[in-house]
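J.: Take a look at this one; I'll ask things after.
Taken together, the values in this text are just the output of simple stated rules run on the coordinates, not laboratory data. In this text, all values refer to a predicted model and were calculated from it rather than measured experimentally. Neighbour counts run over all protein chains shown; Cβ positions are idealised from the backbone, glycine included.
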């Protein structure tokens, strides 16, 4: 990518409501200086939650797996 502003503009195109359209976008969104949290939801309904550029948890059918 290029500048921080170009990345911010790209991230806006990757938003789908409260979710990001890809893991890549969620990881970048959750990284400084672009934010702190990012979530990607796949077609099966699995939610991947990222904090500070790293996977924090995966949620599926009411179950949550947390990573350290």
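J.: In the list 7, 64, which residue meets the criterion of being touching a helix residue (DSSP H, G or I) at 6+ places or on another chain (Cβ under 9 Å) and surrounded by 10 or more Cβ atoms within 10 Å (Cβ to Cβ)?
T.: 7
J.: Determine the pairs where a residue that is without any contact (Cβ under 8 Å) to a residue 12 or more places away in the chain, located within the stretch 33-44, has a partner that is surrounded by 13 or more Cβ atoms within 10 Å (Cβ to Cβ) with Cβ atoms under 8 Å apart, the partner being 6 or more residues away or on another chain.
T.: Cβ pairs passing all conditions: 35/29; 42/48.
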